[in-house]
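Just so it is clear, none of the values below were taken in a lab; they were calculated from the coordinates. Values in this document were obtained by computation on a predicted structure and should not be read as measured data. Glycine gets a Cβ as well: all are built from the backbone with ideal geometry, and neighbour counts include every protein chain shown.
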Amino acid sequence: MRAKDPRATIKALGRLLIAAVALILYASLFPWTFTRSSQHINPLWIVFHAWRVTPGARGWSDVLLNVVLYVPVGLLASLKLRTLSWPVRLTTPVLLGSVISLSIEVLQVYDVSRFPSGIDWITNTLGTLIGASLAVAVPRLFLRPLEWVELRFRRAPAASVMVGLWLAWSLFPAIPHLSLYRLQKTFLAFATAPWPFLALLSACIGYAAAGLLLHQISRRHALPALAAGLLLIPLQLLLAGRQPALVDLVGAVCGVGLFAIVRKRPDAARTLAFLICALLILRGLDPFRFSMSPTPFGWTPLGASFASERAPAVFVLLQKCWWYGVAVWLVGRAGAPAWGAAGLLAVLLGGIEATQMWLPGRTPEITDPLLAIAMALLLRISAANRTVRAVRPVNS
């Protein structure tokens, strides 16, 4: 039996800590609209003199969110330092979280959509202390699940990357909007939204494809994990800028059922690859009302994204990366060579984009074929890393 390398989990903890800090930076400064402050005052003075808490349930929910947001920082940093003495494992993460939080509050002085607050700094530091205390008290409670996740990632890195992209797209922008009025409004729209067949089909095929990705990572846990993933759709009701529909949930349930049927079939990947390619054609050419005068083709990559608002453009980009990445992965699993799958999808998307020149309301451009090639490169790099680990000699 191969001995476990204790350094592997430590490296994974470092990467997870960096990801947690990056997520905090993203969530705390979104939508990244900075300006020069008109107040000629030390920004630290502004932070340390802003102690007002929003009254009511909204204020307390913000306080709770600020505490919970920094718990992973304290937890991961303390686990990273688990070979050191417990005072170091407790104080160092708290200092790190406090410095990160204070730096963000200072940056928010120059963010036109944010309000710096000393209360946020205190609650963030408290969250870091809670996470570090948990790691010091019961480290194995958190190390074992992390080791399990890392083992699955090493076995199926490409599938793990695509599952992570699926979660990022499903939960974007990951900024909660906790308002009872907004929740009532979005739930009403959720229940009364129309039922377009293409939305139903997209949710069904998308969840079935996510199921195959999960099956590649862990066969035993794939179906329960995919069923739990149904919660991602109602969870979007709590996110700013998202409006799910009941048709999405019904389509996702159908996708779980489709995965349960095809998961053990040898042609499952081939079947879903065909369905996704057909879906891309339908989505790209809908509503099939062509014009006699063509629209100019855009040769600037991401040209339409740069011309759009930032948040919607990022959401569309994540969505496309998910669909094109999973299509490349499925075509590869069906037996096509990696670059052959990328070339096939790029040609398909190029044909769709060229046809969109005669579709009113569409923006034909070179971005989509290039995204397919980029996703193929990302999956290829992930698979190459797995190959290097597999052939690396083990010292006796």
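Between the entries [x] -0.34, -1.06; [y] -0.29, -1.29; [z] -0.33, -1.20, the label attached to log10 I(q)/I(0) by the Debye sum over Cα atoms at q = 0.06, 0.13 Å⁻¹ calculated for this structure is [y].
Close amide H contacts of Gly298 (hydrogens built in the peptide plane, cut-off under 5 Å, sequence separation of 5 or more or a different chain): Glu365, Ile366.
Extension gain for the segment Ala278 to Ser179, taken as residue separation times 0.36 nm less the Cα-Cα distance, is 31.7 nm to one decimal.
FRET efficiency for the Leu107 to Met292 pair, using the beta carbon distance and R₀ = 51 Å, is estimated at 0.45. Applying 0.36 nm per residue to the separation of Leu151 and Val88 and subtracting their alpha-carbon distance, the gain on full extension is 19.8 nm.
The angle separating the long axis of helix 157-171 from the principal Cα axis of greatest extent in the chain is about 80 degrees. Simple spin-label estimate for Val138 and Leu95 gives 2.9 nm between the two label positions (7 Å along the Cα-to-Cβ direction from each Cα).
If the segment from Ala189 to Ser61 were pulled out straight at 0.36 nm per residue, it would be longer than the present Cα-Cα gap by 43.7 nm. Relative to the dominant Cα principal axis of the chain, helix 118-137 is inclined by about 90°. Residues in region 331-338 carry Karplus couplings, in order, of 5, x, 5, 6, x, 7, x, 4 Hz; the curve used is 6.51 cos²θ - 1.76 cosθ + 1.60 with θ = phi - 60°, and Gly or Pro positions show x. What net charge do the residues around Pro173 carry, taking every other residue with its C-beta under 11 Å from that of Pro173, with Lys and Arg at +1 and Asp and Glu at -1? Summing Lys and Arg as +1 and Asp and Glu as -1 gives +2.
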